[in-house]
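A.B. asks: Got a structure here, written out as structure tokens. Questions coming.
Nothing in this text is a laboratory measurement; each read-out follows from the coordinates by a stated rule. Keep in mind that what you see is a predicted model, and the values were worked out from it rather than measured. Here Cβ is always computed from backbone atoms with ideal geometry, including for glycine, and neighbour counts include all displayed protein chains.
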Amino acid sequence: MSDTPAHPGLQHHVPLPGRAKRAIAIHRLLVSKNIVGPDEVRETIDRARRRTPADGARVVARAWTDPAFKARLMADARPAVFELGYRLSRDAELAVVENTDRLHHLVVCTLCSCYPTSLLGQPPDWYKSFAYRQRAVVEPRAVMREFGLHLGEDVVVRVVDSTADLRYLVLPRRPNGSEGMPEAELAELVTRDSMIGVGQARNPA
Amino acid sequence: MGVDAREIQVGDVVGVRDETPAHHHRTPWFVKGKTGRIASISGPFLNPESRAHGGDGLPKRHLCSVEFKQVDIWGGRYCENDGDRLLVDIYEHWLEPG
């Protein structure tokens, strides 16, 4: 199976053929040494691809409308999201950070590209870029402005560098004018970028 | 070496060891030698410094989310807001009492 074009190493957008060859060689070794099963990598990728930012948006909308759920989510995210049917990977824990009028979180992984894939799916390419990973910690406001997000001087920016076993989900600020909206409609206001922190949730139409 | 996360608590001031061992480690260079405050403690988790080299990851290590002032990390290179913060997850054995 390692020789077929469907090899998971070839599905990554890796520009260098050399790197793809290396991925295939590593995969063969892992399978031959029984470190991963023959279909495990593909199944893991398939599972990750089934997750989309709509999953995270549902969690956010529930937190906006149910204060008790929000308290459970902030205290211990794994059992809280399981209430909504989301089973987090055992590879990492999830932490939720809340944006308010006065405090804005921006998530980055400076060491690699750690991302809450269990709730948001695959990260966007820019999240994995050297430019984002380097600049987000040094000039976060400049980076956010390039995404169209202009924060006031009275807002503290708190950059979160997920260097290890925690994955971070931003709970964006609930937009003004969304009072009384049903949960499903609220979820449509929650963008992927607002859960990374480079944007805000959309204002209601 | 380092601190024992069971003996520290949220709010404590801690320093980050200024070392660069040859093995895999997950402490970013820009916080080495810097001082911050414990924001939360989680884990324990298998130690990636062992797992990255075929080890069993034991003993497990607690992970400390440490909050730094951006100006303490970058000094004059940080040109944005003096109140801005940076939260970095650092394993307990990389920390020392502040």
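A.B. asks: When A:Trp126, B:Trp29, B:Trp94, B:Trp74 are ordered from fewest to most other Cβ atoms inside 10 Å of their Cβ, what list results?
C.D. replies: Listed from fewest to most nearby Cβ atoms, that is B:Trp29, A:Trp126, B:Trp74, B:Trp94.
A.B. asks: How would B:Val13, A:Val41 line up from fewest to most surrounding beta-carbon atoms within 10 angstrom? Intermediate results must be reported in sequence, preceding the final value.
C.D. replies: Values: B:Val13 12, A:Val41 17.
The fewest-first ordering by Cβ neighbours comes to B:Val13, A:Val41.
A.B. asks: Which whole number in µm²/s is D for segment A:31-104 by Stokes-Einstein, with the Kirkwood Rh taken over Cα pairs at 10 °C and 1.306 mPa s?
C.D. replies: Reported coefficient: 110 µm²/s.
A.B. asks: How much FRET efficiency would the formula 1/(1 + (r/R0)^6) give for B:His23 and B:Asp72, where r is the Cβ-Cβ distance and R0 is 30 Å, rounded to 0.05?
C.D. replies: That gives a FRET efficiency of 0.65.
A.B. asks: So, one more: Within 10 Å, Cβ to Cβ, of A:Met181, how many net charges do the neighbouring residues add up to if Lys/Arg are +1 and Asp/Glu are -1? Please report the intermediate quantities before stating the final value.
C.D. replies: Working: positive: A:Arg174; negative: A:Glu179, A:Glu183, A:Glu185, A:Glu188.
Within the 10 Å Cβ shell, the charges total -3.
A.B. asks: Along each principal axis of its Cα atoms, how long is segment A:50-145 end to end? Whole angstroms, biggest number first, please.
C.D. replies: 37, 32, 20
A.B. asks: Another question, if that's okay. Round to the nearest 10 and give me the degree value, 0 to 90, for the angle of helix A:53-65's Cα axis relative to the longest principal axis of chain A.
C.D. replies: 30 degrees
A.B. asks: Further question on the same structure: Nearest 20 debye, what's the magnitude of the dipole of the protein assembly as shown about its Cα centre given +1 on Lys and Arg Cβ and -1 on Asp and Glu Cβ?
C.D. replies: I would put it at about 820 debye.
A.B. asks: Starting from a Cα-only point model with no solvent, please compute log10 I(q)/I(0) by Debye for the protein assembly as shown at q = 0.08, 0.12, 0.13, 0.14 1/Å.
C.D. replies: -0.38, -0.88, -1.03, -1.18
A.B. asks: So what's the gap between the Cα centers of segment A:158-205 and segment B:1-80, to the nearest angstrom?
C.D. replies: So the separation of the two Cα centres works out to 28 Å.
A.B. asks: Quick one: net charge of A:Gln122's neighbours, Cβ under 12 Å, K/R +1, D/E -1?
C.D. replies: Overall, the nearby charge balance is +4.
A.B. asks: Shifting gears a bit: If you take every residue apart from B:Ser50 with its C-beta less than 11 Å away from the C-beta of B:Ser50, what net charge results, scoring Lys and Arg +1 and Asp and Glu -1?
C.D. replies: Numbers: positive: B:Arg51, B:Lys60, B:Arg61; negative: B:Glu49, B:Asp56.
After counting each charged neighbour, the total is +1.
A.B. asks: Moving on. Could you put B:Thr20, A:Thr52, A:Thr110 in order, starting from the residue whose Cβ has the fewest other Cβ atoms within 10 Å?
C.D. replies: B:Thr20, A:Thr52, A:Thr110
A.B. asks: Now for a separate question. Just from its helices, what would the mean residue ellipticity at 222 nm be for chain A, if runs of 4 or more DSSP H residues each count -39500 (n - 2.57) and the sum is divided by every residue, rounded to the nearest 500 deg cm²/dmol? Could you put the intermediate results ahead of the total?
C.D. replies: On the way: 12 runs with 94 residues, N = 205.
My calculation for chain A gives -12000 deg cm²/dmol from helical runs alone.
A.B. asks: With +1 on the Cβ of every Lys and Arg and -1 on the Cβ of every Asp and Glu, and nothing else charged, how large is the dipole of chain B about its Cα centre, in debye rounded to the nearest 20?
C.D. replies: Using only the charged Cβ atoms, the result is roughly 180 debye.
A.B. asks: Now a separate question. Please give the calculated 222 nm ellipticity per residue for chain B, where each DSSP H segment of at least 4 residues contributes -39500 (n - 2.57) and the sum is spread over every residue; nearest 500 deg cm²/dmol? Please report the intermediate quantities before stating the final value.
C.D. replies: On the way: 2 runs with 9 residues, N = 98.
Result for chain B: -1500 deg cm²/dmol, rounded to the nearest 500.
A.B. asks: Every cysteine in the protein assembly as shown with no other Cys Cβ under 4.7 Å from its Cβ, please list them in numeric order.
C.D. replies: A:Cys112, B:Cys64, B:Cys79
A.B. asks: Find which of B:Ala52, B:Ser42, B:Val66 sits farthest along the positive direction of the dipole of segment B:27-68, computed with +1 on the beta-carbon of Lys and Arg, -1 on that of Asp and Glu, about the Cα centre.
C.D. replies: Working it through, the farthest residue towards the positive pole turns out to be B:Val66.
A.B. asks: Here is a further query. Using DSSP, restrict attention to beta bridges with both residues in the protein assembly as shown and report what percent are antiparallel, rounded to the nearest 5.
C.D. replies: 55 percent
A.B. asks: Run the numbers on segment B:13-98 and let me know its relative contact order in percent, using alpha-carbon pairs under 8 Å that are six or more apart.
C.D. replies: It rounds to 33 percent for segment B:13-98.
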